[in-house]
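Written below as structure tokens is the structure these notes are about.
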Amino acid sequence: MTGWKKRILIVDDEPDITFTFKKILEENGFNEQVDTYSEPLLALQNFRPGVYGLLIIDVAMPTIDGFRLYQRIKQIDNKPKVLFASAFYVHYDVLRGYFPIEDNNNEIEEILGDTGGRFIKKPVESETLIRRVRSELN
């Protein structure tokens, strides 16, 4: 994608998912702009502010779930946009447990919003992934 400077970070505990997402993105113009981690704590340890414009984070991971990972990343750099990915439906009440402060209602609404918000249901079609990523980056 011409002109895009910041990188995309994909974190999913299933290496085949990170590989597939990266391959799809690179085949659609995001060459050498995608980093992947199958271990969320390693992704957090290596995260640097100002590097990423978009995070794609799996919700259900064994060492730290995607919402907690995102909260910790936001303490380092709150600028990257995020898309959460899951094979499971995520209910509003579940998110309320992760974002309990009233001020976070807008964040919850963005994640679950009517148009898919910041949530990608796995498996995801290649075209849908590309469309969602481009939409977030524009």
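The values are calculated or read from the model by the stated rules, or taken from the named source; none is laboratory data. Computed from a prediction, not measured in an experiment: that's the story for all the values here. Every residue, glycine as well, gets a Cβ built from its backbone with ideal geometry; the counts of neighbours run over all protein chains shown.
With the condition kept exactly as written, say whether any residue in region 100-108 is modelled with pLDDT of 85 or more and not small (Gly, Ala, Ser).
Let us first name the residues in region 100-108 that are modelled with pLDDT of 85 or more, namely none.
No, the conditions are met nowhere in region 100-108.
Applying the selection to region 114-133, what residues are of a type in the set (Val, Ile, Thr), modelled with pLDDT of 80 or more and assigned to a loop (DSSP other than H, G, I, E, B)?
Of all residues in region 114-133, those of a type in the set (Val, Ile, Thr) come to 115, 120, 124, 128, 130, 133.
The next check asks that each one be modelled with pLDDT of 80 or more; those that pass are 120, 124, 128, 130, 133.
Val124, the sole residue that qualifies.
Could you list, ordered by first residue, the pairs with Cβ atoms under 8 Å in which the first is in region 117-135 and within 14 Å of Glu27 (Cβ to Cβ) and the second is part of a loop (DSSP other than H, G, I, E, B), at least 6 apart or interchain?
Ser126/Asn28; Ile130/Asn28; Val133/Phe30; Arg134/Met1
Asp58 - would you say it is at pLDDT 90 or above, in contact with a Gly (Cβ under 6 Å, 6 or more places away or on another chain) and not hydrophobic (A, V, I, L, M, F, W, C)?
Details: at pLDDT 90 or above: yes; in contact with a Gly (Cβ under 6 Å, 6 or more places away or on another chain): yes; not hydrophobic (A, V, I, L, M, F, W, C): yes.
The answer is yes for Asp58.
Filter region 7-35 down to residues that are in a helix (DSSP H, G or I) and among the aromatic types (Phe, Trp, Tyr) and give me whichever is surrounded by the most Cβ atoms within 10 Å (Cβ to Cβ). I'd like the intermediate steps shown before the answer.
Within region 7-35, the subset in a helix (DSSP H, G or I) is 15-27.
The next check asks that each one be among the aromatic types (Phe, Trp, Tyr); those that pass are 19, 21.
Values: Phe19: 14, Phe21: 23.
Result: Phe21.
Among the residues of region 46-61, is any over 14 Å from the mean Cα position of the chain (by Cα) and either small (Gly, Ala, Ser) or surrounded by 18 or more Cβ atoms within 10 Å (Cβ to Cβ) (or both)?
Filtering region 46-61 down to residues over 14 Å from the mean Cα position of the chain (by Cα) leaves 46, 48-51.
Still in the list and also either small (Gly, Ala, Ser) or surrounded by 18 or more Cβ atoms within 10 Å (Cβ to Cβ) (or both): 50.
Within region 46-61, one or more residues are over 14 Å from the mean Cα position of the chain (by Cα) and either small (Gly, Ala, Ser) or surrounded by 18 or more Cβ atoms within 10 Å (Cβ to Cβ) (or both).
Return the total of residues in region 62-83 being β-branched (Val, Ile, Thr), exposed (fewer than 15 other Cβ atoms within 10 Å of the Cβ) and in a helix (DSSP H, G or I). Full working, then the answer.
As a first pass, look at region 62-83 and keep what is β-branched (Val, Ile, Thr): 63-64, 73, 76, 82.
This time we only want the ones that are exposed (fewer than 15 other Cβ atoms within 10 Å of the Cβ), so: 63, 76.
Checking the rest, the ones that are also in a helix (DSSP H, G or I) come to 76.
So the answer is 1.
Sort out which residues of region 38-91 are acidic (Asp, Glu) and farther than 22 Å from Leu137 by Cα, and write them in order of number. Steps first, answer last, please.
Start the filter on region 38-91 by keeping residues that are acidic (Asp, Glu), which leaves 39, 58, 65, 77.
The answer is Glu39, Asp65.
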